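Report on the structure given below.
The values are calculated or read from the model by the stated rules, or taken from the named source; none is laboratory data. Computed from a prediction, not measured in an experiment: that's the story for all the values here. Cβ placement follows ideal geometry from the backbone for every residue including glycine, while neighbour counts extend to all protein chains displayed.
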Amino acid sequence: QKEVEQNSGPLSVPEGAIASLNCTYSDRVSQSFFWYRQYSGKSPELIMSIYSNGDKEDGRFTAQLNKASQYVSLLIRDSQPSDSATYLCAAASGGYQKVTFGTGTKLQVIP
Amino acid sequence: EAQVTQNPRYLITVTGKKLTVTCSQNMNHEYMSWYRQDPGLGLRQIYYSMNVEVTDKGDVPEGYKVSRKEKRNFPLILESPSPNQTSLYFCASSPRDPSNSPLHFGNGTRLTVT
């Protein structure tokens, strides 16, 4: 079983809609979670980090963490064609210095 | 400009010919790591280093070596490359333990081993 799981997609949403990306993790000691965006052929870039249960908002992006359910999500409001990319979920455990990535969800925003 | 620099960007080589992919960061980051990215498998960690002269294996270390003689540099060495090491490689760094600070990625090295 992969430690961090994501639906590979593609997830298609119309422009202006809310895109919801989900991620589950199996290691209960994971305490830090990150969402990275990766355009085709480019390197991943950080979108959001979240460390405690609940919601964290940054502009059009909201990350949600539920440690009891071992579930992390990323909501993108008012989706734009420029949001079309692969979104990588990552989990890290304090003191272990190891970051584990999911395989990513490809998002397509249709104009 | 703060960045992680990898070289080369593209490399085509033959089986068994030793190669080194360089990685350098100018942000005085403590932590550095190498990942490979393959379709359907995502980013998998090869090796990481929390400090000079301290390196540890990630999930897929077989066939790779690293060294951390200076804080800024973390080269990836393939002593005898094989076709199954054809992949897209990323170097990444972080100011401290990556459990509480995000990774900064280099631009990637696309390696083809024939």
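Some notes on this structure:
- Considering residues of the stretch B:41-66 that are closer than 13 Å to residue B:91 by Cβ and in a loop (DSSP other than H, G, I, E, B) only, the residue modelled with the highest pLDDT: B:64
- The stretch B:57-100 - residue that is within 13 Å of chain A (Cβ to nearest Cβ) and without any contact (Cβ under 8 Å) to a residue 24 or more places away in the chain and, of those, farthest from residue B:45 (Cα to Cα): B:100
- Members of the stretch B:33-56 found to be touching a strand residue (DSSP E or B) at 6+ places or on another chain (Cβ under 6 Å) and either in contact (Cβ under 8 Å) with a residue 60 or more places away in the chain or closer than 23 Å to residue B:13 by Cβ (or both), listed by number: B:33, B:34, B:35, B:36, B:37, B:38, B:43, B:44, B:45, B:46, B:47
- Yes/no for residue A:3 being surrounded by fewer than 18 Cβ atoms within 10 Å (Cβ to Cβ), closer than 24 Å to residue A:110 by Cβ and either among the charged types (D, E, K, R) or without any contact (Cβ under 8 Å) to a residue 24 or more places away in the chain (or both): no
- Among the residues of the stretch B:24-43, those identified as crowded, with 18+ Cβ neighbours inside 10 Å and under 28 Å from residue A:8 (Cβ atoms) are B:33, B:34, B:35, B:36, B:37, B:42, B:43.
- Pick from the stretch B:101-114, criterion more than 13 Å from the chain's Cα centre (by Cα) and within 16 Å of residue B:27 (Cβ to Cβ), ranking: farthest from the other protein chains (Cβ to nearest Cβ): B:101
- Among the conditions (1) touching a Phe, Trp or Tyr at 6+ places or on another chain (Cβ under 9 Å); (2) surrounded by 15 or more Cβ atoms within 10 Å (Cβ to Cβ); (3) without any contact (Cβ under 8 Å) to a residue 60 or more places away in the chain, the only one that residue A:77 does not satisfy is (2).
- Taking the stretch B:75-98 as the range and being within 11 Å of the chain's Cα centre (by Cα) and surrounded by 22 or more Cβ atoms within 10 Å (Cβ to Cβ) as the test, the residues that pass are B:76, B:89, B:90, B:91, B:92, B:93.
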